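The values are calculated or read from the model by the stated rules, or taken from the named source; none is laboratory data. Owing to the predicted nature of the structure, the values given are computational and were not obtained by experimental measurement. Because the Cβ atoms are built from the backbone with ideal geometry, glycine has one as well, and the counts that use them run over all protein chains shown.
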Amino acid sequence: MTARPKAVLIYPPLTDPTSGYHSLSYIDSYARSRGYPAADMIDANIEAFHHSFSPAGAAWLEEALATPPAPDPLAHYDDVTWQMEALRTAEPDPAGVREAVAVLQDPERFYQYDHYARAVEQVIGWMNCLSGTGFPGQFTNGFQLRMPPAVALGSVAALRDEAVLERLARPFQPYVEDVLIPQLVAGDYDIVGLNITYQAQLPFALWLGRLIRRALPGVFLVAGGTEASDVWKYLRDKTQMFALFDSFDAVVVGEGETAWVEILESVRAGTVPSSHPNIRLHPRFRAMNLLPVRYEPIRGLPTPDFSRLPWDKYLSPERFVYYSPTRGCYWNRCTFCDYGLNTDGPTSPWRQDTVESIITDVTELSKFAKFVYFSVDVLAPATILRFAERVLETGIDVRWGAEIRLEKYWSDERCEILRRAGCVAVSVGFESGNQRILDLIDKGTRPDQVRQTITSMTKADIGVQMMGFTGFPTETAAEGRESIDFLLDNRDLWTFGGLGQFMLTSGAIVAREPDRFGVTNIRPLPGSDIQRVLLYDEPISEGARAEMSVAAARGFEVPHARPWLSSVDTPHSFFYHDRFGVRVRDALDRDLTARDDDQDRSFVLNGAFVDRPDEAVVDRLNTTYQIMYGTPIPADRLLFRRPDGQITPLPRSYLPILHLFRQPTTLRAAHARLWMLDAAAAGKVWQTLISRRLVRRLPEFPDRPVPDETPS
Amino acid sequence: MTSTTTKAPLRKIAVRKAGTVRLTSAAAALYSDGCLPPIPWPF
C-alpha cells in the first residue's frame, strides 16, 4: 500500500537547464526528517526541453512551424515582429541539438570552448525555433523569457487570460499534454506542488495549474517559491492573489519547510492547512490569512537530498548543487536592496547555521556532487574562513563558490585558505566605483578597498564575478562612468560580470525614504497589478540614463559578459573557473583566436547569409542598432546568421571569402585561393571570422556530415 | 569587442583562373573597418 499522502513536486519552465534547483529538495528533505514519505520530483523545465527534440516533439515542432501563427491574443505583435522572428530562426535541427546536449554533458568536450560555444549556439537555435510556436521572440539567449509586455508588467488580466498562457506555453504543449499530465494522473497523487522561483516560471506555472486542476480535480494543488512570494509582496490588491492562482488551493508565501509539513499533515488528516502563517488559502476555504510570514529557524535542518532530481538530463558534465546554510544578509543596510523572501528589510532576517553543521552537510553533499554553490544572500566572512579551515582539516574534496561582500577582511593569506579549500569563484556586488554613490547606497565599502580585496582573490586564483549598476538616484553621468572605468581599469582582477541599471522596487529603502535620495512621484508602471518595479522622478540620474545604458552595454560586450548557456551565475561558469582558474578568459580567447596550428585545420561556415528583410523590418532593427552603435545598419551590408540566430551585418566582400568555407577547408587551402592577400592580411581575415564565430573549427573526427548551407 | 583594424593593401584583383576569388577594393572594408557588431533584437 502506498504511503500517504502521496505528493509530487514540480519545477515548471522556464528556468536553468544546467542544474536542478534546491528549493524542492529542501522542503522534501525536511518533511522526510519529520516522518513523511518522500515526494516524487519532476523538473518539467528540463523534461520539456528533452521532449522537444524527441522524434514526437520534433515532428510536432515541424508541423507547428509550417502552420501560419494563430492571431496574437494580446494583439501586441505585428507582422514586422514575426518577420524578425523568422529572420533569426533557422530550420529546426533536432540532430544538432541532440549533439549539443551530448557535448554539454561530456566531461572533455565541454571544456573545449569551440565545442562548448557550438553546443550553446545549437541549443539557442533550437529554443528560437520553439519560440516561433509561441509569441515571437519569447525565448532569447536560450532559456531567458521575453514576455509580452502585459505579462511582464504583471497584469492580472493578462496572467488570467487562458489564451495568453496557452500561447506562451505552446512550445511545451506536447510534453505537458502527452507526458506530464498522463504521468500525474497515473501517479495517484494527493498533493501536487509547483515551485515558482523565477518570474519566467510564473505564466507556465499558472497554465500548468489549470491543466492539472482539470485532470486531477480532487488533488490538493499548491504553489510556492520566491516568485510566488514576490507576487504576494508586490501585488497591489492582495485579494487578487487567487484571481491569479485560481486553480490552486494554496500558495506558500515565504520559506516553505514547516508550511509544507503542515500541508502534508492536513491532507493526511483530511483537514485544511489553515494555521501556518505562510500558507495563503484559496478564498473558497474562507480562511483569509494576512499574518506576517514566519522565518524558519535554519539550525537543525536536515542535509538536503538531491537524489530525486533527473541528473542525467541537465546540460552539464558535472553535478552542481545549491546549498543554503545562511538566510538573509548580516549587513542588511543597502538602500537599493529588496531581495528574496524579505518583508520589512532589504533582505530576510539574518540566520546562519553552525560551521560544524555546514561541514556535516558539505561532507554528505560532496559524495553526491563535485560542486556546491552556497545559494545565499551572503556568507559571513568569519564563517566562510572557518568553514574553509575545517574543509582543509577534514580533507573534504569539494569545489564551491558563493556570493560574498567585498570586506577588507579578505587578505592574501585568507583568500589562499579559501582556494585551497576548494573555492573556485565568488560573485560580488561592487555596485559602484564612485564613493558618493557607495555611501548613498550605504554599502560600507570603498573602491580602493574593493580593489585590494579582488586583488587578493585573484592572487589566490579565485575568480571574481563582478556585478554593479548605474543609474542610482542622483548619480551623474560622470559618476556612472567611474563604475565603468573601475571595471575596465581593473580588468585583470575579475573574470566575468557586468553592469545593470538601477530599478526601484517597493521594498527598497529608497522607496521607503525617497526624500533622502531626491526621489519624488513614485508611482506604478501603468497596467501593472504586480508592482515589481516603480517609476519615479529624479532628474539627475534620469538625464544620464541614456548615456549610461549605451556605455555600459558597449563596454561589456562579449568577452566581458558571461558567455554561458543561461544567464545568471551558472554552473557552467564555475566549471570553467575550476578548470582554468582566473585565466578562464584565456581558455575562451584561445578558441576565439586564429592560431598557428590552425593552418591545416578544417573550418566550415558557421551559419548562412540571409536575405535582407523588408525595410520596415530593417527600420525596426535600427531602432536599437542606432542607439547602441550610433549608426544604422548600412544598406549595402549582407546579413549573416549564426546558428544561435545572431545576425551580423557584413561588407559584401565577405561573401566570396565565406563561400570558401561552404565545404570544410583548411586555412592554408583557403589562403591559396585568396592568393592575392599577403599572410598578414589573411591572418586578419581569419581572426575576424574565427573571433566572431562566422566559421568554426571542425572536430578532428566529425561525427556527422556537414550540411550544405549555401548562401542565397 | 574584438577588432580587425588594420590597413590592408588595396589591390584590384581580377579573376585569374577558375577557383580563385574575385576581390575588389571593397574587400578592404573587411580588414580596415572590421565588421559591425551583431544586431540586438528589439522584440
Inset, instruction - Output the qualifying pairs, or none if there are none: Cβ atoms under 8 angstrom, residues six or more apart or on different chains, first residue in the range A:437-456 and without any contact (Cβ under 8 Å) to a residue 12 or more places away in the chain, second residue among the basic types (Lys, Arg). - result: A:Leu438/A:Arg446
Inset, instruction - Give, as residue ranges, the helices (runs of 4 or more DSSP H) completely inside the range A:143-191 that count at least 2 residues that are surrounded by 22 or more Cβ atoms within 10 Å (Cβ to Cβ) and in the same structural domain as A:Leu14 (by TED's automatic domain parsing). - result: A:156-160, A:162-169
Legend entry - Residues of the range A:103-124 classified as closer than 23 Å to A:Leu168 by Cβ and either among the aromatic types (Phe, Trp, Tyr) or within 14 Å of chain B (Cβ to nearest Cβ) (or both), total: 1
Legend entry - Which listed residue, of A:Ala64, A:Ala75, A:Ala70, A:Ala95, is exposed (fewer than 15 other Cβ atoms within 10 Å of the Cβ) and outside any loop (DSSP other than H, G, I, E, B): A:Ala95
Inset, instruction - Would you check which residues across the range A:178-196 are farther than 25 Å from A:Ala269 by Cα and under 26 Å from the mean Cα position of the chain (by Cα) and list them? - result: A:Val179, A:Leu180, A:Ile196
Legend entry - Candidate set from the range A:279-312 (those that are out of contact with any strand residue (DSSP E or B) (no Cβ under 7 Å at 6 or more places or on another chain) and of a type in the set (D, E, K, R)); member that is nearest to A:Tyr373 (Cα to Cα): A:Asp305
Legend entry - Restricting the range A:474-497 to residues that are under 24 Å from A:Thr570 (Cβ atoms) and surrounded by fewer than 19 Cβ atoms within 10 Å (Cβ to Cβ), the residue that is modelled with the highest pLDDT: A:Asp492
Legend entry - Subset of the range A:267-280 (residues that are touching a residue at least 24 places away in the same chain (Cβ under 8 Å) and either assigned to a loop (DSSP other than H, G, I, E, B) or buried (at least 20 other Cβ atoms within 10 Å of the Cβ) (or both)): A:Val267, A:Asn278, A:Ile279, A:Arg280
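Conditions (1) surrounded by fewer than 19 Cβ atoms within 10 Å (Cβ to Cβ); (2) within 21 Å of A:Tyr330 (Cα to Cα), marked per residue:
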| position | (1), (2) |
| --- | --- |
| A:Glu364 | yes, no |
| A:Val376 | no, yes |
| A:Ala380 | no, yes |
| A:Thr383 | yes, yes |
| A:Arg386 | yes, yes |
| A:Trp410 | no, yes |
| A:Arg420 | yes, no |
| A:Val428 | no, yes |
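Among the candidates A:Phe306, A:Phe204, A:Phe220, single out the residue that is at pLDDT 95 or above, crowded, with 19+ Cβ neighbours inside 10 Å and not assigned by TED's automatic domain parsing to the domain that holds A:Gly35. First the steps, then the outcome.
On the way: A:Phe204 fails: not assigned by TED's automatic domain parsing to the domain that holds A:Gly35; A:Phe220 fails: not assigned by TED's automatic domain parsing to the domain that holds A:Gly35.
Just one listed residue meets the conditions, A:Phe306.
Assess whether A:Asp305 counts as being touching a residue at least 60 places away in the same chain (Cβ under 8 Å), under 23 Å from A:Ile437 (Cα atoms) and in a loop (DSSP other than H, G, I, E, B).
On the way: touching a residue at least 60 places away in the same chain (Cβ under 8 Å): yes; under 23 Å from A:Ile437 (Cα atoms): no; in a loop (DSSP other than H, G, I, E, B): yes.
No, not satisfied.
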Inset, instruction - Would you kindly identify the strands (runs of 3 or more DSSP E) lying entirely within the range A:598-659 that contain at least 1 residues that are free of Cβ contacts under 8 Å to residues at least 40 places away in the same chain and facing chain B (nearest Cβ under 7 Å)? - result: A:647-650
